[in-house]
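Read the structure below first, then the notes.
The values are calculated or read from the model by the stated rules, or taken from the named source; none is laboratory data. Please read these numbers as outputs of a predicted model, since none were measured by experiment. Cβ atoms come from the backbone with ideal geometry, glycine included; neighbour counts cover every protein chain shown.
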């Protein structure tokens, strides 16, 4: 298995610099491929505008028409996320307006799943809306192999994730390379133990990845934090390791969550893995954490999301839309 992973790393791990923009544009024209970029967003007014502006300026101009549509899928924000994104030039879609027949559930995976109904690109690229100092390399890096390598179907970004406790991370800081705590403590051990073919992925839980629509519409989507692990594992089983790839895009700066939120994320990821390992009984889909209060340690129990959305090609509204298109 180690030899297989090493061969995959040699064949399917690249740098963003390996594919200049001119090469991507030529490949896009040659194959007639369309590209959609989706930003799932919940209360990201501080960062979403800059991300949209950079993508529109660098990848949606007459000179560089790499991205055909840019959609911000708003997950019920209570700040100015939708307004800021629209002012920057994105098409903003409210989560609850997509597929109203099915009541929306909270969670990132829910938004990504619904985004397939409101986008039309042959390649769909997901980018988190909380990135700081955003660079268009995040998009060109992960879209590139899907334009130039016809046998690649799913591409993850890899990067350094600097971390400081206050969230003010910067390259070269004392916390450089220490981001991704749930990745190192939960996801990476799970993948190495149960899906060792995926051991070569540097950032298996990263929110920046792209895939062919024809693959995404065949995958179930966990509605919450488990979506990245679930998509990666299911893609492996559906199309095989050689159809998966990763691209180094440099450094990712973003807001870091506190330990309580990370605990809930870890539980959801473990649950996603558990379902894929056994498809058996989920014993206790809840997580209890503790707060120090005047009365001592007080338990706080949170549900672990247990919902998954079916492959989009099983949804009647999606099939109707694709037939019309």
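Residues in region 151-166: is at least one farther than 26 Å from residue 72 by Cβ, out of contact with any strand residue (DSSP E or B) (no Cβ under 9 Å at 6 or more places or on another chain), part of a loop (DSSP other than H, G, I, E, B) and at pLDDT 95 or above? Checked against the condition, which is being farther than 26 Å from residue 72 by Cβ, out of contact with any strand residue (DSSP E or B) (no Cβ under 9 Å at 6 or more places or on another chain), part of a loop (DSSP other than H, G, I, E, B) and at pLDDT 95 or above, region 151-166 yields at least one hit.
When residue 141 is tested against (1) in a strand (DSSP E or B); (2) under 21 Å from residue 17 (Cα atoms), only condition (1) is not met.
The condition (being at pLDDT 95 or above and farther than 21 Å from residue 122 by Cβ) is satisfied by just one residue among 90, 94: 94.
Is it fair to say residue 121 is at pLDDT below 95 and surrounded by 17 or more Cβ atoms within 10 Å (Cβ to Cβ)? When the stated conditions are applied, residue 121 does not pass them.
How many residues does region 69-106 contain that are at positive phi and in contact (Cβ under 8 Å) with a residue 40 or more places away in the chain? Can you show your working first?
Start the filter on region 69-106 by keeping residues that are at positive phi, which leaves 76, 89, 99.
Now drop any that are not in contact (Cβ under 8 Å) with a residue 40 or more places away in the chain, which leaves 99.
Summing the residues that are at positive phi and in contact (Cβ under 8 Å) with a residue 40 or more places away in the chain in region 69-106 gives 1.
Of everything in region 46-56 that is out of contact with any strand residue (DSSP E or B) (no Cβ under 9 Å at 6 or more places or on another chain) and free of Cβ contacts under 8 Å to residues at least 40 places away in the same chain, the residue that is surrounded by the most Cβ atoms within 10 Å (Cβ to Cβ) is 49.
Quick one: in region 192-203, of everything that is in contact with a strand residue (DSSP E or B) (Cβ under 9 Å, 6 or more places away or on another chain) and assigned to a loop (DSSP other than H, G, I, E, B), which residue is nearest to residue 2 (Cα to Cα)? So, considering only residues that are in contact with a strand residue (DSSP E or B) (Cβ under 9 Å, 6 or more places away or on another chain) and assigned to a loop (DSSP other than H, G, I, E, B), the one nearest to residue 2 (Cα to Cα) is 200. One residue is enough: does region 78-97 have a residue meeting the conditions surrounded by 15 or more Cβ atoms within 10 Å (Cβ to Cβ), within 20 Å of the chain's Cα centre (by Cα) and within 17 Å of residue 224 (Cβ to Cβ)? Yes, some residue in region 78-97 is surrounded by 15 or more Cβ atoms within 10 Å (Cβ to Cβ), within 20 Å of the chain's Cα centre (by Cα) and within 17 Å of residue 224 (Cβ to Cβ). Restrict the check to region 204-214 and report whether at least one residue is touching a strand residue (DSSP E or B) at 6+ places or on another chain (Cβ under 9 Å), touching a residue at least 60 places away in the same chain (Cβ under 8 Å) and assigned to a helix (DSSP H, G or I). There is at least one residue in region 204-214 that is touching a strand residue (DSSP E or B) at 6+ places or on another chain (Cβ under 9 Å), touching a residue at least 60 places away in the same chain (Cβ under 8 Å) and assigned to a helix (DSSP H, G or I). Return the residues of region 1-27 that are closer than 15 Å to residue 241 by Cβ and touching a helix residue (DSSP H, G or I) at 6+ places or on another chain (Cβ under 6 Å); say none if nothing qualifies. Within region 1-27, 1, 8 meet the criteria. Listed residues 40, 65; which is closer than 23 Å to residue 106 by Cβ and touching a helix residue (DSSP H, G or I) at 6+ places or on another chain (Cβ under 8 Å)? Of 40, 65, the one residue that is closer than 23 Å to residue 106 by Cβ and touching a helix residue (DSSP H, G or I) at 6+ places or on another chain (Cβ under 8 Å) is 40.
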